[in-house]
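Below you'll find the structure, written out as structure tokens, and then a few comments.
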Amino acid sequence: MDKPDTGWIERETRRAHSDLPEIWTLLDSVCDPEIPVLSLFDLGVLHDIRQLGGCIKVSITPTYSGCPALETMRDDILKTLSQAGFEDAQVEVCLSPVWSSNWMSPEGRRKLKDYGIAPPMKHCRAGDTPDAGIGCPFCGSHNTARLSEFGATACKAMFTCADCKETFDFFKNI
Ligand SMILES: [Zn+2]
């Protein structure tokens, strides 16, 4: 029974009704510096794009407020816009509401798994990282156990699979 994923639907709707579809498409080429297979849109970091006067305003919400990748994201967005001729652009950082793993697109979840990172679960409270049972992105087994609360970055936890013996990161529910 899949609950509608409202955070994601809100973003998809905002994009579908935007007056600036070409800018959304353009920014699909900007990827998360830590997970280069995910665009900022797929990750749910790209919040909104508006035009005020001649200025393109892009709002982003980092996955957590101390995210070290924030400056890189900002620079990548401005560089991409400027190369396409949009010199007058600003990036605003919205910290409220805080980023949620529910904002990740279905495509983003698939890409994350293909990249070897278990995507956040759909029906789990934020902050809950289970001790076991996260689906292994390599073999699909749920015979897995948590090795560490922190993986490669603070937003991931490290798991090991008892069947294929791989270790993998789980993108935590935030
Ligand atoms: Zn496995």
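The values are calculated or read from the model by the stated rules, or taken from the named source; none is laboratory data. Nothing here was measured: the structure is a model prediction, and the numbers come from that model. Note that we place each Cβ from the backbone using ideal geometry, even for glycine, and neighbour counts take in every protein chain shown. The area values use the complete protein model at the heavy-atom level, side chains included, leaving out ligands, DNA and RNA. Shrake-Rupley method; radii C 1.70, N 1.55, O 1.52, S 1.80 Å.
Structural remarks
- Taken about its Cα centre, the chain carries a charge dipole of roughly 420 debye when the Cβ of each Lys and Arg holds +1 and the Cβ of each Asp and Glu holds -1.
- Angle between the chain longest axis and helix 70-83 axis [Cα atoms, degrees, rounded to 10]: 40
- For the chain, the Kirkwood estimate of hydrodynamic radius, built from reciprocal distances between every pair of different alpha carbons, is 16.9 Å.
- Here the scattering of segment 6-102 is modelled by Debye summation over its C-alpha atoms, one equal scatterer each and no solvent; at q = 0.21 Å⁻¹ the log10 of I(q)/I(0) is -1.11.
- Think of it as helices only: each DSSP H run of n ≥ 4 in the chain is worth -39500 (n - 2.57), and spread over all residues that comes to -7500 deg cm²/dmol at 222 nm.
- Residues whose amide H comes within less than 5 Å of that of GLY151, counting only those at least five positions distant or on another chain, are LYS156, ALA157, MET158 (H built at 1.01 Å from N in the peptide plane).
- With the highest mean first, a sort of the peptides 13-21, 41-49, 134-142 on other beta-carbon atoms found within 10 angstrom per residue produces 41-49, 134-142, 13-21.
- Of the solvent-accessible surface of segment 1-127, computed with a 1.4 Å probe over protein heavy atoms with every protein chain present, carbon and sulfur atoms account for 52 percent.
- Residue-by-residue Karplus 3J(HN,Hα) for segment 142-155, coefficients 6.51, -1.76, 1.60, Hz, glycine and proline x: 9, 7, 10, 9, 7, 9, 7, 5, 10, x, 4, 9, 4, 8
- If you wrap the Cα atoms of segment 87-132 in a convex hull and average its projected area over all directions, you get 5.4 nm².
- Over segment 117-171, relative contact order from alpha-carbon pairs under 8 Å, at least 6 apart, %: 33
- Label sites at THR153 and GLU10, each approximated as a point 7 angstrom past Cα along Cα to Cβ, lie 2.2 nm apart.
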